[in-house]
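Report on one structure; see the data block that follows.
A short reminder: the numbers here are calculations on the coordinates, not readings from a lab. Quantities reported herein were computed from a predicted structural model and do not represent experimental measurements. Cβ placement follows ideal geometry from the backbone for every residue including glycine, while neighbour counts extend to all protein chains displayed.
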């Protein structure tokens, strides 16, 4: 509901503004930029490698826990009640360690993965925004929408797409 109200207010403002001056609107597809901009590709590759490393560690820990469960099941009848309780506590501790590791690495919002993602992508996003602003100024645009963003863009005429101009500016290093 808030998005609809915002969009309506924006278009009413644009309409009122357009009556007194000409309004030029453009759009970009930030997903395409992130998929084709080499520093973004490298950052995403680094994040994927990190996630794979940690996921493998979690999988290894889980396999180890499953093996420990199986071993405990086989030996459970031959154990004293005290030993059974000790083994159960060990299994619970291993399971808790897996959960703690998963939370430490992937937990939102404080997990290491999200911190690394922010560290790697923040400067890239700043560069992209600077490039968008420069292209917007060169093209004399009043508004630029992100087709991949949270606002729904129902129609986008290709003649107002500045995605490639932004990519060109980023790739040439003119920020």
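Roughly how many whole Å is it from the C-alpha centroid of the range 78-117 to that of the range 29-54?
Result: 30 Å between the Cα centres.
How big is the Rg/Rh ratio for the range 88-130, C-alpha atoms only, Rh by Kirkwood, two decimals?
Radius of gyration over Kirkwood radius for the range 88-130 works out to 1.34.
What's the extension gain from residue 101 to residue 126 if we count 0.36 nm per residue and subtract their Cα-Cα distance?
Difference between extended and current length: 5.9 nm.
Just subtract the alpha-carbon distance of residue 58 and residue 116 from 0.36 nm times their residue separation and send over the number in nm, one decimal.
Values: separation 58, 0.36 × 58 = 20.88 nm, distance 1.85 nm.
19.0 nm is the gain from fully extending residue 58 to residue 116.
Take residue 66 and residue 78, extend 7 Å from each Cα along the Cα→Cβ direction, and tell me the distance between the two endpoints in nm.
Going by the 7 Å Cα→Cβ label model, 2.4 nm.
In what sequence do 37, 69 fall when counting other Cβ within 10 Å, fewest first?
Fewest-to-most Cβ neighbours within 10 Å comes out as 69, 37.
Could you rank the peptides 104-113, 164-173 by their average count of other C-beta atoms within 10 Å per residue, with the highest value first?
Details: 104-113: 13.0, 164-173: 16.3.
Put in order of decreasing packing, that is 164-173, 104-113.
Which of the peptides 141-147, 81-87 is most tightly packed, and how do the rest follow, judged by the mean count of other Cβ atoms within 10 Å per residue? Don't skip to the end; give the middle numbers.
Values: 141-147: 16.3, 81-87: 11.7.
Taking the mean over residues of other Cβ atoms within 10 Å, the ranking is 141-147, 81-87.
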